[in-house]
Amino acid sequence: MLAAIITLLATGCASPPHPGLDAFQPSQSLACYDRAAQPQTAVVDTHLHFRPFGGAAVPFDEVMGYLRRTGVRFVNVYGIGQMLPVDSPCTYYLDCPGTPVIPTLKNDFANATSFLANPPDDIHVTLSMTFPDLARPETVLAGIEVLDTEYPGMFRWMGEVNLVKQALFPNGHEEVPSGTIAEWAPFMAVLRERGIPIAIHSDLGSEEEPTRYLPLMQAVLDLYPDNSIVWMHMGLSRELTTLPAAEHIAMMSAMLDRHPNLMLDITWRVIDDSYFSRADYQPLYVDFLNEYSERILPGTDFLASSDKDFEVYKSELEVTSRILAFVNDEAFRNIALGGNYFRLLGLEFEAPRVCPTPAVESFLSPR
């Protein structure tokens, strides 16, 4: 109710400028963030693919321009760890069933090279290693060593990596065998020592078997309790859009309670379309986000293929941030204003406090 009134009050007045990086410097005199006037979209995009599965990418600097125009000041630069063959005419794997997608370092090299060519001074960039093939863990340390040699110290995140992604099954992907997860230990030790989070795509299941793959993620969390692990999309996917919200929230709550180093990524518009924006589900998810506000990361899951443009990115940001207009101020600060992201990566930034809303309180008070 309160968020809806805030949004209503904001529509008739000009918004102040988006805060720049200076607004996130640690200081006792930080200006507060006015939710009644400033955007309710996230200032951090923890899940943005600067490279497509195939074909040409939107130029790196152009995507940076999208971030500036929408007020995003912090970004995880993902590639795509699995690419279509170079002779494929497709830009998206769903358009080419039967064509294999192959793990590669190419996109991580491309992102690092683009960043070095023109590093932005007004957007904080975190480069992510997206190459790992979790089904072949013996190859991961070698890939890390290559990136260490070519781009020392530049990669501070790993993911999005696939434990099980049903959408890729027609392109040769299979779920990682449960026995293989124990073989991750060498590279998980490196990530743990360096304080690097790993962001894992792991579908819960399908409409027919909603929790078929849940044991895989449980195994990862049980075997690597000291690693910072981000569960992409809260386990949801296009293959699972009818799981009752109460059941899904109960599962996520139990996992968060059991595993203190687990965080959830609420990116991808499929989650909003099928869950967050449903009138009967939204209050349940708002309560969940408020309760676990220190364990949630925002982002778009935008894929910068050449058929996308600024309007597509803007729409994705608005849709994936939509539920954040309804969370309380503490949750908004932790999620939308970057508090969780800064803590997870140990960044020397601070989320600004949220301004009190006297106008709204006056509006709501009895006359």
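In vacuo Debye scattering of the stretch 295-342, one point per C-alpha: log10 I(q)/I(0) at q = 0.21 Å⁻¹?
-0.74
Exposure proxy check: THR242, THR300, THR139 ranked by fewest other beta carbons within 10 Å? List each step's numbers first, then the result.
On the way: THR242 8, THR300 29, THR139 15.
Ascending Cβ contact count within 10 Å gives the list THR242, THR139, THR300.
Tilt of helix 310-321 relative to the longest C-alpha principal axis of the chain, in degrees (0 to 90, nearest 10)?
Once rounded, the angle reads 70 degrees.
Can you give the net charge of the other residues whose Cβ lies under 12 Å from the Cβ of GLY299, counting K and R as +1 and D and E as -1? Intermediate results must be reported in sequence, preceding the final value.
Details: positive: ARG269; negative: ASP45, GLU160, ASP265, ASP301, GLU316.
For residues surrounding GLY299, the net value is -4.
Within 10 Å of each candidate Cβ there may be at most 14 other Cβ atoms; applying that plus a DSSP loop requirement, which trypsin sites (Lys or Arg not before Pro) in the stretch 267-313 survive?
Details: sites: ARG269, ARG278, ARG295, LYS308; in loops: ARG278, LYS308.
Here the trypsin sites (Lys or Arg not before Pro) that fit, given the DSSP loop and packing criteria, are ARG278.
How much net charge surrounds HIS259 when only other residues with a Cβ under 12 Å from its Cβ are counted (Lys, Arg +1; Asp, Glu -1)? Show your work: numbers first, answer last.
Values: positive: ARG258, ARG295; negative: ASP222, ASP226, ASP257.
Spelling it out: positives minus negatives among the neighbours equals -1.
Pick from TYR151, TYR313, TYR341: which is most flexible by mean-square fluctuation in a GNM of the chain where alpha carbon atoms under 10 Å apart are linked?
Greatest mean-square fluctuation among the candidates belongs to TYR151.
What is the antiparallel percent of DSSP beta bridges lying wholly in the chain, to the nearest 5?
Within the chain, antiparallel bridges account for around 15 percent of the total.
GNM, the chain, Cα, under 10 Å: largest mean-square fluctuation among PRO215, PRO39, PRO103?
Looking only at PRO215, PRO39, PRO103, the largest GNM fluctuation is found for PRO215.
Grab the other residues whose beta carbon is less than 12 angstrom from that of ALA135, score K and R as +1, D and E as -1, and report the net.
-3
Each value in this text was obtained by applying a stated rule to the coordinates, not by laboratory testing. Source: prediction; values computed, not measured. Every residue, glycine among them, receives a Cβ derived from its backbone with ideal geometry; neighbour counts consider all protein chains shown.
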